[in-house]
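Everything on this sheet refers to the single structure shown next.
The values are calculated or read from the model by the stated rules, or taken from the named source; none is laboratory data. Quick caveat, the model's predicted, so the values are computed rather than measured. Here the Cβ positions follow ideal geometry from the backbone for every residue, glycine too, while neighbour counts run over all protein chains shown. Areas reflect the complete protein model, heavy atoms only, side chains present, ligands, DNA and RNA absent. Shrake-Rupley method; radii C 1.70, N 1.55, O 1.52, S 1.80 Å.
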Amino acid sequence: MTEVQREVITLSSAQCSIEKWTLRSSSVSVEIISLGCVITSIKTADRNGQSSDIVLGFDDLECYLTNSRYFGAVVGRVANRIAKGQFVIDGKVYNLANNNGPNALHGGLRGFDKAVWTCGPVPDGVRLSHISPDGDEGYPGNLKVSVIYKLEENTLSVEYCAQTDKTTPINLTNHSYFNLAGQGAPDIYDHQVSITADAYLPVNDTMIPTGEIKPVDNTLFDLHKPIALGSRLKELPGPGFDHNFCLRFPEQPKLEIKCARVEHHGSGRVLEVSTTQPGVQFYTSNFLDGTIKGKGGASYPKHSAFCLETQNWPDAVNQTQFPDALLRPREEYNHITRFTFSVA
Ligand code: BGC
């Protein structure tokens with residue numbers, strides 16, 4: 001049985017109240033706030049039964065209002081990048097704010113990560129709902145979104161659902177930054193990672209997929225067998241992993257796939273991820289630089305966490321060979337991702 005608790009917190013600068021929900025099972029405890037649908041904490045035990053918080057974030061919840069790194073948040077309406085912040089639907093050109101060099105990233109200037117969601121209880125969890133109006137950040141259609149977080153024993157599931165009244169691109173994910181040694185540990189070099197992807201998407205110099213769907217065979221992106229992150233990051237050209245791994249191809253049926261496993265030998269903690277999404281952005285916090293003051297006064301340098309953002313392939317709305325990125329009226333957007341925590 002999961003214990004579910006609700007608390008109301010007033011944010012003085014925003015002059016608004018937000019809710020904090022705590023989900024507690026016998027082995028895991030998760031905190032979620034209604035601002036940005038953010039997971040603010042995940043506490044799991046190491047092999048000696050010592051519990052630590054394994055996600056990055058802030059003690060002062062006000063900081064999530066200005067956080068530009070999307071710690072723990074649900075990002076949308078479209079997670080990841082859209083080239084030149086532009087797309088065309090039925091001959092009509094839509095322009096978004098370019099908030100990442102020449103491109104649009106993670107839903108715009110005020111994406112879903114900055115909205116205050118409406119909460120309600122569900123068995124073993126909480127449902128957060130949000131209405132994104134027609135024209136919100138340049139996107140078409142009134143979009144009704146809900147995210148259900150459920151904790152069942154050692155598995156946290158995140159279920160995304162949405163409907164629209166005009167055809168719109170959509171791509172929802174959770175942007176938690178994990179460090180299985182405990183948040184605040186300086187790096188993730190001693191983590192072993194595997195991702196069950198046969199292909200990945202090379203990107204151009206503005207991080208937009210080039211269009212090539214490249215087999216991982218004989219490349220540094222072959223993560224079928226666990227690799228030590230520290231040594232692989234040294235070999236990899238560029239600042240680190242920030243790439244979409246292709247979990248299933250457009251013609252393949254939507255099934256839940258075990259997509260990633262991360263193990264930290266020091267603590268024994270293991271994270272396993274499964275999803276119905278066609279891709280996962282594996283991001284090794286290349287753009288953290290130690291300037292953010294995190295929980296418990298931690299500074300978060302480059303490579304101090306990893307993200308496994310299950311989602312559609314980046315820029316899919318502009319790349320026809322990628323999985324369909326559009327949600328149409330009378331359709332339902334529906335995906336689930338599960339994070340399972342254990343010790344080895
Ligand atoms: C992107 C990174 C970006 C980060 C922002 C990730 O999803 O792939 O390039 O810097 O989000 O927090």
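Please find, among Ile292, Ile336, the residue that is β-branched (Val, Ile, Thr), within 16 Å of the ligand (Cβ to nearest atom) and under 21 Å from the mean Cα position of the chain (by Cα).
One residue alone meets the criteria, Ile292.
Do any residues in the stretch 275-292 that are on the phi > 0 side of the Ramachandran plot have Cβ atoms under 8 Å from those of residues that are near the ligand (Cβ under 8 Å from one of its atoms), where the two are at least six apart or on different chains, and which pairs are they?
Listed pairs, sorted by first residue: Ser285/Cys307.
Given the condition open to solvent by 40 Å² or more (accessible area, probe 1.4 Å), in contact with a helix residue (DSSP H, G or I) (Cβ under 8 Å, 6 or more places away or on another chain), basic (Lys, Arg) and assigned to a loop (DSSP other than H, G, I, E, B), answer yes or no: does some residue in the stretch 69-79 qualify? First the steps, then the outcome.
In the first step, residues of the stretch 69-79 are kept if they are open to solvent by 40 Å² or more (accessible area, probe 1.4 Å); the result is 69.
If we keep only those that are in contact with a helix residue (DSSP H, G or I) (Cβ under 8 Å, 6 or more places away or on another chain) too, we end up with none.
Looking through the stretch 69-79, none of the residues is open to solvent by 40 Å² or more (accessible area, probe 1.4 Å), in contact with a helix residue (DSSP H, G or I) (Cβ under 8 Å, 6 or more places away or on another chain), basic (Lys, Arg) and assigned to a loop (DSSP other than H, G, I, E, B).
Of the residues Ser52, Ser34, only one is more than 16 Å from the ligand (Cβ to nearest atom), closer than 21 Å to Ile131 by Cβ, touching a strand residue (DSSP E or B) at 6+ places or on another chain (Cβ under 9 Å) and among the hydroxyl-bearing types (Ser, Thr, Tyr); which? Outline the logic, then answer.
Values: Ser52 fails: closer than 21 Å to Ile131 by Cβ.
The conditions single out Ser34.
So which pairs qualify, if the first residue must be in the stretch 105-117 and of a type in the set (Phe, Trp, Tyr), the second must be within 11 Å of the ligand (Cβ to nearest atom), the Cβ gap must be under 8 Å, and the two must be at least 6 apart or on different chains?
Qualifying pairs under 8 Å: Phe112/Ala73; Phe112/Val75.
Within the set of pairs 6+ apart or on separate chains, which have a first residue in the stretch 10-35 that is within 18 Å of Gly111 (Cβ to Cβ), a second that is acidic (Asp, Glu), and C-beta atoms under 7 Å apart?
Ile33/Glu19; Ser34/Glu19
Can you say whether Val317 is open to solvent by 10 Å² or more (accessible area, probe 1.4 Å), closer than 28 Å to Ile170 by Cβ, in contact with a strand residue (DSSP E or B) (Cβ under 8 Å, 6 or more places away or on another chain) and away from the ligand (no atom under 15 Å from the Cβ), as far as the supplied structure shows?
When the stated conditions are applied, Val317 passes them.
For the stretch 222-245, give me each residue that is open to solvent by less than 20 Å² (accessible area, probe 1.4 Å), under 25 Å from His335 (Cα atoms) and more than 15 Å from the ligand (Cβ to nearest atom).
Leu223
Could you tell me which residue of the stretch 10-47 is nearest to His175 (Cα to Cα), considering only residues that are more than 23 Å from the chain's Cα centre (by Cα) and at pLDDT 95 or above? It would help to see each step written out before you state the result.
Applying the first criterion (more than 23 Å from the chain's Cα centre (by Cα)) to the stretch 10-47 yields 10-17, 26, 46-47.
Add one more test, that the residue is at pLDDT 95 or above, and what stays is 26, 46-47.
Values: Ser26: 25, Asp46: 23, Arg47: 26 Å.
My answer is Asp46.
Can you confirm whether Ser267 is in contact with a strand residue (DSSP E or B) (Cβ under 8 Å, 6 or more places away or on another chain) and either farther than 25 Å from Asn154 by Cβ or part of a loop (DSSP other than H, G, I, E, B) (or both)?
It is true that Ser267 is in contact with a strand residue (DSSP E or B) (Cβ under 8 Å, 6 or more places away or on another chain) and either farther than 25 Å from Asn154 by Cβ or part of a loop (DSSP other than H, G, I, E, B) (or both).
Please pick out the residue among Ser132, Ser157, Ser146 that is without any contact (Cβ under 8 Å) to a residue 24 or more places away in the chain and either more than 21 Å from His243 (Cβ to Cβ) or open to solvent by 10 Å² or more (accessible area, probe 1.4 Å) (or both). It would help to see each step written out before you state the result.
Details: Ser132 fails: without any contact (Cβ under 8 Å) to a residue 24 or more places away in the chain; Ser157 fails: without any contact (Cβ under 8 Å) to a residue 24 or more places away in the chain.
On inspection, the qualifying residue turns out to be Ser146.
For the stretch 194-219, what are the residues that are open to solvent by less than 50 Å² (accessible area, probe 1.4 Å) and more than 16 Å from the ligand (Cβ to nearest atom)? Spell out how you get there, then give the answer.
Within the stretch 194-219, the first condition is being open to solvent by less than 50 Å² (accessible area, probe 1.4 Å), and the residues that meet it are 194-195, 197, 199-203, 206-209, 211, 216, 219.
Answer for the stretch 194-219, where residues must be open to solvent by less than 50 Å² (accessible area, probe 1.4 Å) and more than 16 Å from the ligand (Cβ to nearest atom): Ser194, Ala199, Gly211, Val216, Thr219.
Pairs, please: C-beta under 6 Å, at least 6 apart or cross-chain, first residue under 12 Å from Lys144 (Cα atoms) and in the stretch 328-344, second of a type in the set (Asp, Glu) and at pLDDT 95 or above?
Hits for this filter: Pro329/Asp165.
Please state which one of Gln183, Gln277, Gln281 is of a type in the set (S, T, N, Q), within 16 Å of the ligand (Cβ to nearest atom), within 19 Å of Gly72 (Cβ to Cβ) and outside any loop (DSSP other than H, G, I, E, B).
Matching residue, one of Gln183, Gln277, Gln281: Gln281.
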